[in-house]
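The values are calculated or read from the model by the stated rules, or taken from the named source; none is laboratory data. As the structure is a computational prediction, the values presented were derived from the model and not from experiment. Ideal geometry is used to build each Cβ from the backbone, glycine not excepted, and the neighbour counts take in all protein chains shown. Areas reflect the complete protein model, heavy atoms only, side chains present, ligands, DNA and RNA absent. Shrake-Rupley method; radii C 1.70, N 1.55, O 1.52, S 1.80 Å.
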Amino acid sequence: MNVVMPQLGETVKEGTVTVWHKKVGDQVKEGERLFEVTTEKVDTEIPAPASGVLSALLVAEGQTVQVGTTLAVIEEPGKAVGVQPSAQRNAPEFSSSGSQAVARDSQRDSPASDRHGAERLSPVVRKLIAEHNLDPAEIRGSGAGGRITRDDVLAHLERRKAPAGPSQPGRGVASPGERAPLSRIRKRTAEQMALSWRTIPHVFQAMEVDFSAVEQARAARGEAWNAKEGWSLTYLPFVAHALCTALAEFPVLNAAFEGDSLLLHSTVNLGIAVDLGREGLIVPVVKEANRKSLPELARAIRSLVEKARSRQLAPDDVTEGTYTVSSSGNFGTFFTAPIINPPQVAILSIDGVTRKPIALQEAGGESVAIRPVAILGQSFDHRALDGAYSAAFLRRLKAILEGREWLSALG
Amino acid sequence: MTTRSTIASEAARPTEDIDERTRLSLYRLLLEIRSVEKRAYDLFLQNLVKGTSHLSLGQEAVAAGFAAAMRSDDYTFCTYRGHAHTLARGAPMVGVLGELLGRQCGLMQGKGGSMHLTSVAHGAMGSYAIVGAHLPVANGAAWSAQYRGTDQVSVCFFGDGTTNIGAFHEALNLAAVWKLPVLFVCENNLYMEYTPIGTVTAVQHPAADRAQAYGLKPINIDGNDADAVYRVAREWIGHARAGRGPALIEAKTYRTSGHSRADPAKYRPPGELEEWLARDPLALYRSRLIGLGFEEGTLRSIEGAVQRAVDEATEAAKASPPAPPALIEKDVWADGGSAWRN
Amino acid sequence: MAQLTYREAVAAGIAQEMERDESVVFLGEDVADAGGVFKATVGLLERFGPKRVRNTPISEQAIIGAAMGAAMTGLRPIAEIMFSDFLAVCWDMIANEIAKARYMSGGQISLPLVIRTANGAGSRFGAQHSQSVENWAMSIPGLKVVAPSNSADVKGLLAAAVRDPDPVIVFEHKALYASKGEVPEGELVDRLGTAKVLRQGNDVTLVALAAMVPRALEAAEQLDREDKISATVVDVRSLVPLDTKTLLAETSKTGRLYTIEENPRLCGWGAELASIVAQECFYELDGPIVRITTPHVPLPAADALEDNTIPTVERIVETVRRTSG
């Protein structure tokens, strides 16, 4: 049986073998820890897919290979060993029998580009991409339907070779400084951001929300919560809870854009954007957030954020998100127009709750009061929906946050 | 007082215008064919001959009679029942048996098998397994001889069933129109595979009764009498060689085995086989030779020699290695290979 | 250089070889006095006499059988089968006998013969006199197959076929007989197994045979003018032996292969070429291989129908335009 590089995340295309826990000739048991992999999303242990003898190790520790590449061969007892598969070739492996690939669509390569109309990569294009280690997301497709043609790849390679314009220092340009290569996560984030920005027409809408009701519940239960759980309840779980309700009423915002149709998801898998310092962003996903109570949400979010910060996220933790929320609580910013996580069609940003004077309408007239206020900003994909819909959603979200019985929700 | 030698010389006189040498060689040919065919039968029962095999047991006289009348540079064409004709032209026994056994020593190294015995060196230009196909081809060889002015003759052997297929008629017509030096010899053994020929043919003599349709003379002969065959063969080969055109000859005979090895011939009416066995060409000829004064000892020594030859050929064929796989892609083209691309 | 019609080039090719080699003989229906029903063998009887140029009865099996028998005994016959559809009448001779005699005889039998026949549609002769059947011959081991598209090629390939020691079927195209082309003076002998690149392009490779070749060239012009699609055009010329080197090289350059075939769809010659390219050139392909063929129907007789059945320049252009993105 061939052991192949699994696909650890929807947009993950390659991985690096960091540690082999077995060597050639060792007995291996199915399910036993076989090797470790690092990708831009996660570091993870991979178990052996079958029992037998590890008869070949084709990829060394520290080597980075494409998803689907055969890494090793396990000779199962009683099964004839076929022709040894070649080690990583220029042409990428696409079918991975016995692969540990998590994503359902491990048969398809480059799912990110697949979702953007330029799906079909012809054999020569795939070959060139593999040979030159390119990312199809970076290549402009001039063929029918945005298809990347062979000439597109060749032109791309030409452009890469050619010395850049004055804004980009190339080799030998006299501008002193220290070169800092991007981490894999940074690089990946960069590619994703660029793709999203390039292909999605973003529109940003902001709404001011009064967090008094949330604040009251937090104040009432905060201490007890802290004592019990060991950590504080932040605003984020409340926003998440309200989001699930609102998204149920505004399903277009909880959808995937597929070119000529929208896939309206039946559950809310809520992505929580986590900042990993200079390294970049990662978005673990709370699955079926709409089924969770507020305390469950709070715990789920907390657990994911912890795992993210300690680089312990499992492959399943970062896939299948349907909507993303980005909390920039402690940045001190007024609002942020976030970048949508394709194929999702919207993303919400909350920039910290601060105490602000607001005008209150009361029976007696107007007055000024100080309240905990936050700006909720939603970036949405204008191909999928329009401003009126988004604004209505935000109004609803605001209404829930300002009006829900949060104490009962806390249980 | 008549001595034995007087009787012998009287019998060998020109009224029987076949000389002693020819008679003995006819006898030898009959024997060789009979012995090899019997051996082929045995080898088939031993499962050393695979596939199918069509024997000429009982029909030896036609092959022998014509072969004795031919020149070595004449051409012969025959059907898949062609062991007799191929041997009669002088092809080696070991080559014939070897081909049946699929060995390297086979005439065609195992590439053709029993139904396609060919020895161009002996003028045996192929045995043909599609009924009637070789008649037009025999024409071509005759045309070639005529064109080159060599007075070679082409002799084509086929069965009664052939007379009903299209190629027969096309060939006869063209041969007559172009006056080609070709003899068409029909071995009428009364059965077209498993069917009596009379039930599927519009005329009584399947070949001879069609001759006039092509402006040719109807010729019927006793195919089991080697002398009778020889005389007719000699006459009409001479006719063709002299540029006087083709002939169609029908020789009545009988196969004492089935159509092929796989056929026990249960479709024959009772008594028919026995009747023909009584007219066995070999037995018939032997007793004629004795009657003509040939020595028993002479005949026995020929018989012994033939038997030894067959035994030696059998052993040599069995000892020859099977045809090697390297032959599979050889000899599609004149360059010896089979390449269809660069 | 001389301007010869395709039919004049046929006669010239046969004459060239008959002049050169006394063992070359020619037979067929109406080929002698009448000069052939397509007037492709005019003058041969006068020049070489009735011994070498022979009329036959309507007896396709006898004709081909005679050619086979003569070829195996020292002559180099050229046999005409008037319409390629009639190859079916003597198919046993061709497929079972001629194609296999050398092989079955272990190399003893030699058949240096040529069968030439008028192939193809466009003359409103109906379904039984208009077929393109070169793919039938291609599929039988032991037969060499050529289908020239122009005067020089038909003369040169006929000569090469006569000189070839193996059986060769030369598929002349009846709709091309009147076409004119430049033919070099003097002895002309081409090479079997060689394709010709008639036009070099960058975007797509069009591979065509016989009467489809001029259509491919016209389509290439139009695609260049109207769509800025630059097409390579390859004249296959020889199906067996096949010039796969040129096919693979020209397909790799553009990454896009189109075959343009007059035969009906199933098992046309382009299917074999497409499969070779798909297997051996897979990683150079920038898009699917597309076959442009006559649909899988017998050919209709009416001109309005026939003209729209075999691939037209319009259909070639439209197909390439639609699928080459």
**Message:** Residues to consider are C:Ala216, C:Ala210; find the one that is among the small types (Gly, Ala, Ser) and at positive phi.
**Reply:** C:Ala210
**Message:** Test of understanding: among C:Thr294, C:Thr244, C:Thr251, which residue is within 12 Å of chain A (Cβ to nearest Cβ) and under 24 Å from C:Pro148 (Cα atoms)?
**Reply:** C:Thr251
**Request:** Among the candidates C:Arg52, C:Arg20, C:Arg116, C:Arg124, single out the residue that is closer than 30 Å to B:Val332 by Cα and touching an Asp or Glu at 6+ places or on another chain (Cβ under 7 Å).
**Result:** C:Arg116
**Qualifying residue in the stretch B:203-211 (condition: within 15 Å of the chain's Cα centre (by Cα), under 19 Å from B:His134 (Cβ atoms) and crowded, with 18+ Cβ neighbours inside 10 Å)** = no
**Item:** Number of the condition not met by C:Ser23 [criteria: (1) surrounded by fewer than 24 Cβ atoms within 10 Å (Cβ to Cβ); (2) of a type in the set (Gly, Ala, Ser); (3) more than 14 Å from chain B (Cβ to nearest Cβ)]
**Value:** (3)
**Asked** Out of curiosity, is B:Asp280 touching a residue at least 12 places away in the same chain (Cβ under 8 Å) and within 14 Å of chain C (Cβ to nearest Cβ)?
**Response** no
**Request:** Answer yes or no: is there a residue in the stretch B:151-165 that is at the interface with chain C (Cβ under 9 Å from one of its Cβ atoms) and free of Cβ contacts under 8 Å to residues at least 60 places away in the same chain.
**Result:** no
**Answer residue from the stretch C:199-241, given it is of a type in the set (Ser, Thr, Tyr), more than 17 Å from C:Gly120 (Cβ to Cβ) and touching a Gly at 6+ places or on another chain (Cβ under 8 Å) and is nearest to the other protein chains (Cβ to nearest Cβ) among those** = C:Ser230
**Asked** Which one of B:Gly126, B:Gly223, B:Gly113, B:Gly132 is touching a residue at least 40 places away in the same chain (Cβ under 8 Å), on the phi > 0 side of the Ramachandran plot and surrounded by 24 or more Cβ atoms within 10 Å (Cβ to Cβ)?
**Response** B:Gly126
**Message:** So for the stretch C:281-294 (the condition being part of a loop (DSSP other than H, G, I, E, B), of a type in the set (Val, Ile, Thr) and open to solvent by 30 Å² or more (accessible area, probe 1.4 Å)), does at least one residue qualify?
**Reply:** yes
**Asked** Across the stretch B:169-180, what is the number of residues that are within 12 Å of another protein chain (Cβ to nearest Cβ) and either in contact (Cβ under 8 Å) with a residue 60 or more places away in the chain or part of a strand (DSSP E or B) (or both)?
**Response** 4
**Message:** What's the total number of residues in the stretch A:237-282 that are more than 26 Å from A:Ser390 (Cβ to Cβ) and in a loop (DSSP other than H, G, I, E, B)?
**Reply:** 2
**Prompt:** Of all the helices (runs of 4 or more DSSP H) wholly in the stretch A:149-236, which have at least 1 residues that are closer than 30 Å to A:Leu134 by Cα and at pLDDT below 95?
**Reply:** A:150-161, A:184-199
**Request:** Taking B:Tyr285 as the residue in question, decide whether it is at pLDDT 95 or above and not β-branched (Val, Ile, Thr).
**Result:** yes
**Request:** Would you tally the residues in the stretch A:262-303 being open to solvent by less than 10 Å² (accessible area, probe 1.4 Å) and free of Cβ contacts under 8 Å to residues at least 12 places away in the same chain?
**Result:** 0
**Prompt:** What pairs can you find where one residue is in the stretch C:88-103 and farther than 18 Å from C:Val170 by Cβ, the other is open to solvent by 60 Å² or more (accessible area, probe 1.4 Å), and their Cβ atoms are less than 6 Å apart, with a gap of 6+ or different chains?
**Reply:** C:Asp92/B:Ile130; C:Asn96/B:Ile130
**Asked** Considering only the stretch B:320-342, how many residues are open to solvent by 30 Å² or more (accessible area, probe 1.4 Å) and either more than 14 Å from chain C (Cβ to nearest Cβ) or among the small types (Gly, Ala, Ser) (or both)?
**Response** 8
**Request:** May I ask you to verify whether B:Ala317 is farther than 19 Å from B:Glu20 by Cα, of a type in the set (A, V, I, L, M, F, W, C) and more than 14 Å from every other protein chain (Cβ to nearest Cβ)?
**Result:** yes
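In this structure, is C:Ile64 of a type in the set (A, V, I, L, M), under 14 Å from B:Glu170 (Cα atoms) and open to solvent by 10 Å² or more (accessible area, probe 1.4 Å)?
So C:Ile64 does not fit the description; no.
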**Message:** Which numbered condition in (1) at the interface with chain B (Cβ under 10 Å from one of its Cβ atoms); (2) part of a helix (DSSP H, G or I); (3) surrounded by fewer than 21 Cβ atoms within 10 Å (Cβ to Cβ) is the only one that C:Ser110 fails?
**Reply:** (2)
**Asked** Considering only the stretch C:26-58, how many residues are within 14 Å of chain B (Cβ to nearest Cβ) and under 20 Å from C:Ala118 (Cβ atoms)?
**Response** 11
**Item:** Complete set of residues in the stretch B:74-110 that are basic (Lys, Arg) and touching a residue at least 40 places away in the same chain (Cβ under 8 Å)
**Value:** B:Arg81, B:Arg103
**Fill in**
Taking the stretch C:67-98 and keeping only residues that are more than 7 Å from every other protein chain (Cβ to nearest Cβ), open to solvent by 20 Å² or more (accessible area, probe 1.4 Å) and in a helix (DSSP H, G or I), one is left with C:Phe86, C:Ala88, C:Trp91
**Prompt:** Being within 14 Å of chain C (Cβ to nearest Cβ), under 18 Å from B:Ala138 (Cβ atoms) and in a helix (DSSP H, G or I), is that true of even one residue in the stretch B:203-212?
**Reply:** no
**Message:** Show me the strands (runs of 3 or more DSSP E) found entirely inside the stretch C:186-276 where at least 3 residues are crowded, with 24+ Cβ neighbours inside 10 Å.
**Reply:** C:204-208, C:231-235, C:238-240, C:257-264
